[in-house]
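What follows is a short report on a single structure.
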Amino acid sequence: MLRKESKLGAGSLSEGLIGTLLGLRKHLSGHALNRDNVARGLLRFASYQMAWRATGNPTVIDWVGGTRLIVGQGMRGVTGEAYMGVNEYTDVMFCAHFLRPGDLFVDCGANVGSYSVMAAKVTGAHAFAIEPILATIPQLEDHIHLNRVDDLVEICTTGVSDKSGELWFTGDADALNHVIDGPGGNAVRISVETLDTVIGARTPICLKIDVESHEPSVVAGAGETLSNPALQAVLIETAPDHRTPKMLAAFTDRGLHPHLYDPMTRQLTKSHGFHWHNTLFVRDADFVAERLRAAPGVKVGNRLI
């Protein structure tokens, strides 16, 4: 790839860099933690890029509430945390404010485990990290050991779908690994079960589903889990073509309704339909809102949120 880019010439490379910086600037300006100082975010991006290119080695960064992450060039699952401070800020902070010691957080599509280790380290909750791509597991385990939450995080390497069987996944796309139609390239074949089967007798209070466009199949195999009154909150990523009335009804018919959360004010507000990127569904809004208000502040950079 580097050899191919070198043929494009300095002008093309400069244009690519400028495009990247402009795109990053736009993202930073719309991000709650960075919109008041976009220049700081751009400087952080530049400093990490220079460090990685100079040494070729990953580095350890401080993240949310004393959590630490291993970040290196090409690690899509965590580079956003280095650039943004907290990439999925609203969703991460919802978990940090909502969860309590002894709760069960199910992380479906855990990747390298940023949500799982945060839930365990910051709140004392137990995390059930579902990640079927075996090439990712060493990084997930490294994060568990680094944060000393071995006794609070359980790894499950079974994939999740609408029925028992096997599926082909990409195996070399890091956080973007996803289900594909068949073998080819670096594809890997994964055994899958329904989420209901994988969870079994466990009773989560919070569930995160981020499986790169396979969410409808996961939801189709999660009827018992979503109907369990103990489940109070679900965070789910949905592609635009999956934000359908049928998909929405899979939650609302089970008493889970879309909400917005503002970590700065601790306000939980009922909304309508799916949101861009991730949507938060809540069962008992009064119960959840009281937990959010009562949570201790969590250190993020130099702020207490």
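The values are calculated or read from the model by the stated rules, or taken from the named source; none is laboratory data. Given the structure is predicted, the values throughout are model-derived calculations rather than measurements. Don't worry about glycine lacking a Cβ; one is built from the backbone with ideal geometry, like all the others, and counts go over all protein chains shown.
Where in the stretch 23-142 are there strands (runs of 3 or more DSSP E), lying fully within it, with 3 or more residues that are in the same structural domain as Glu290 (by TED's automatic domain parsing), of a type outside the set (S, T, N, Q) and modelled with pLDDT of 90 or more?
Output list reads 104-108, 126-130.
Can you tell me which residue in the stretch 246-305 is surrounded by the most Cβ atoms within 10 Å (Cβ to Cβ), limited to those that are within 21 Å of Leu207 (Cβ to Cβ) and acidic (Asp, Glu)?
This residue is Asp284.
Just give me the residues in the stretch 82-116 being free of Cβ contacts under 8 Å to residues at least 60 places away in the same chain and touching a His at 6+ places or on another chain (Cβ under 6 Å), in sequence order.
If the condition is that a residue be free of Cβ contacts under 8 Å to residues at least 60 places away in the same chain and touching a His at 6+ places or on another chain (Cβ under 6 Å), then Met84, Gly113 are the ones that fit.
Determine the pairs where a residue that is under 18 Å from Val78 (Cβ atoms) and touching a residue at least 40 places away in the same chain (Cβ under 8 Å), located within the stretch 140-168, has a partner that is of a type in the set (Lys, Arg) and part of a strand (DSSP E or B) with Cβ atoms under 9 Å apart, the partner being 6 or more residues away or on another chain.
Short answer, once both residue conditions are applied: His143/Arg68; Leu146/Arg68; Asn147/Arg68.
Only one of these is surrounded by 24 or more Cβ atoms within 10 Å (Cβ to Cβ) and either within 21 Å of Trp276 (Cα to Cα) or over 14 Å from the mean Cα position of the chain (by Cα) (or both): Ala119, Ala54, Ala110, Ala127. Name it.
Ala110
Tell me the helices (runs of 4 or more DSSP H) entirely within the stretch 193-305 that contain at least 1 residues that are within 18 Å of the chain's Cα centre (by Cα).
195-199, 215-220
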